[in-house]
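A short reminder: the numbers here are calculations on the coordinates, not readings from a lab. This is a predicted model, so every value here is computed, not measured. FYI the Cβ positions are ideal-geometry reconstructions off the backbone, even for glycines, and counts take in every protein chain you see.
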Amino acid sequence: MELKAKNIKDDLEYLREVSKKVDLKDPKLHDNIQILKDYFAKTPALAMAAVQLGIPQRLIYIRNTNLQKLENSEVDEERVLINPKIIKKIGHTRYWEACASCLNYMGLVDRPYQIEIEYDLEDGTCQRETLVGFEATVFSHEYDHLEGILHIDRAVQVYDLPEDKRRKFRNLLPNGGYEIISMEGEFEYEPVKNLHLKR
Ligand SMILES: [Zn+2]
């Protein structure tokens, strides 16, 4: 059976759940990671939080953070981040984000330019890493899903456009619509606006 991403039309309450911490000794963990890998083998989304595929655990899969190769379905970074935490957020960027769970809504979202994160690997080791540029945007979007937050909650502007039009729209903008406003200074998210959907 083909796995479909949960969406805000049918599963909004589910997507609003705060995902639970992954128990690294959970015998189902490996299978859950495999579900994510199988999904990405067929669907060229950039990244996804497990909750979007019906696993409400703090687990993120990242496939593609290369802004120059977003259309390339061959790219697969195969990154699995378990129980990620954000230690530090620096700088300020904006991008017109879309989401497999948010129908055709594309939203202009403020994100940090650089983030320091910590996460576990499946073998139980803890990693600390700095994500810079577009990869910080992709990660931040997925991290929000773990907290039940959607990009359209944070968006300063939202358009309802099908995928081909979203692509055309971004391609008309410099740097594919990814704008670096500042590379330094602490980033503070604006409070979630909840303009579009209830929490
Ligand atoms: Zn999303």
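How big is the gap, in Å, between the Cα center of segment 1-80 and the Cα center of segment 102-129?
12
Let's see if you can work this out: charge +1 on each Lys and Arg Cβ, -1 on each Asp and Glu Cβ, no other charges. What is the dipole magnitude of segment 1-81 about its Cα centre, in debye to the nearest 20?
Dipole size: approximately 240 debye.
Along the Cα→Cβ direction, 7 angstrom out, place labels at residue 175 and residue 77. What is the inter-label distance in nm?
Those two pseudo-labels are separated by 1.7 nm.
Got the relative contact order for the chain handy, in percent, Cα pairs under 8 Å and 6 or more residues apart?
Answer for the chain is 24 percent.
Among 28-36, 182-190, what's the highest-first ranking by average C-beta atoms within 10 angstrom per residue?
Descending packing order for the listed peptides: 28-36, 182-190.
Indicate the gyration tensor shape class of the chain (rounded, prolate or oblate), computed on the Cα atoms with a ≥ b ≥ c the square roots of the eigenvalues: a/c under 1.5 is rounded; otherwise a/b larger than b/c is prolate and the rest oblate.
Because its axes are fairly even, with a/c under 1.5, the chain counts as rounded.
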